[in-house]
């Protein structure tokens with residue numbers, strides 16, 4: 001089984017290739033929201049570095065969010081196009097789950113609160129604990145205000161089976177660290193600000209080993225958790241209804 005992972009949910013954009021032995025190659029860059037310009041070259045480079053031609057890829061693993069709207073559309077559309085051309089399936093993985101998987105891979109023993117900056121003064125968040133080789137969900141993905149993060153961290157600690165501190169990880173945790181400070185939460189290093197393509201593809205392969213089934217490319221959809229900004233702006237510009 002050879003998997004190609006596509007990561008573009010946040011400002012960290014890249015790709016990775018993995019097989020049953022492990023991650024063969026991974027490449028990513030951050031900043032400037034150059035998702036369209038960065039993703040395709042990253043795919044070409046990881047395939048070339050791993051000496052695996054595109055035709056040998058068995059499944060595409062893609063981060064479907066939540067995250068940046070443009071990034072999610074780019075990643076999902078690219079995954080769909082590649083999978084349709086290769087006549088293979090797509091495995092969708094959440095950006096929050098990938099962040100948690102990175103924490104557990106680094107050895108964190110307790111609960112993890114994954115936090116992605118949603119802009120507009122909000123965050124996407126979910127909580128996980130280790131469940132064998134994959135993250136087990138404690139709190140489902142939700143859109144919260146930063147002020148609610150301390151409550152979410154407390155709920156994660158209460159729900160966890162291992163009594164330990166909660167690790168907050170992701171660019172949202174970095175941005176709103178002050179809101180988490182009073183909750184006794186450990187803040188992950190800035191190097192864990194975004195979900196990495198290597199963690200994404202490794203998690204995807206583990207999910208497949210455990211029986212997860214890839215979807216048909218056309219069935220894969222981004223996980224927004226909030227209407228796209230363009231729609232929000234359009235609604236705000238509409239005139240108020242006339243009063244009778």
Using a Debye calculation, one point per C-alpha and no hydration shell, please list log10 I(q)/I(0) for the range 107-192 at q = 0.17, 0.25 Å⁻¹ in order.
-0.58, -1.27
Percent antiparallel among DSSP beta bridges (both partners in the chain, rounded to 5)
65
Overall form of the range 41-91 per C-alpha gyration tensor (a/c, 1.5; a/b vs b/c):
oblate
Packing-based exposure ordering (other Cβ within 10 Å, fewest first) of 73, 119:
119, 73
Would you mind ranking 117, 58, 63 by Cβ crowding within 10 Å, fewest neighbours first?
58, 117, 63
How much mean residue ellipticity at 222 nm does the chain get from its helices, if each DSSP H run of length 4 or more adds -39500 (n - 2.57) and you divide by all residues, to the nearest 500 deg cm²/dmol?
-11000 deg cm²/dmol
Taking the beta-carbon count within 10 Å as an exposure proxy, list 7, 129 from fewest neighbours to most.
129, 7
Work out the FRET efficiency for residue 187 and residue 120 from their Cβ-Cβ distance, taking R0 = 25 Å, and round it to the nearest 0.05.
0.65
With just the Cα atoms defining each centre, how far is the range 34-64 from the range 114-150? Give it in Å.
28
Residue 226 to residue 51: FRET efficiency via 1/(1 + (r/R0)^6), r the Cβ-Cβ distance, R0 51 Å, to the nearest 0.05?
0.80
Can you figure out the FRET efficiency of residue 70 with residue 40, using R₀ = 25 Å and their beta-carbon distance, to the nearest 0.05?
0.95
Checking a compactness column here: for the chain, what do you get for Rg(Cα) / (2.2 N^0.38 Å), N being the number of residues?
1.03
In nm, the gap between the two label points placed 7 Å beyond Cα toward Cβ at residue 177 and residue 216 is 4.8
Extension length gain for residue 142 and residue 164 (0.36 nm per residue less Cα distance), in nm, is 5.6 nm
Per its Cα gyration tensor (rounded if a/c is under 1.5, else prolate when a/b beats b/c, else oblate), the range 76-148 is best filed as oblate
Take residue 105 and residue 21, extend 7 Å from each Cα along the Cα→Cβ direction, and tell me the distance between the two endpoints in nm.
1.7
Share antiparallel - DSSP beta bridges, the range 107-192, percent rounded to 5
75
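We did not get these values from a lab; they are worked out from the coordinates using the rules stated. None of the values given here were measured: they were computed from a predicted structure. Cβ sites come from the backbone with ideal geometry, for glycine too, and all protein chains shown count toward neighbours.
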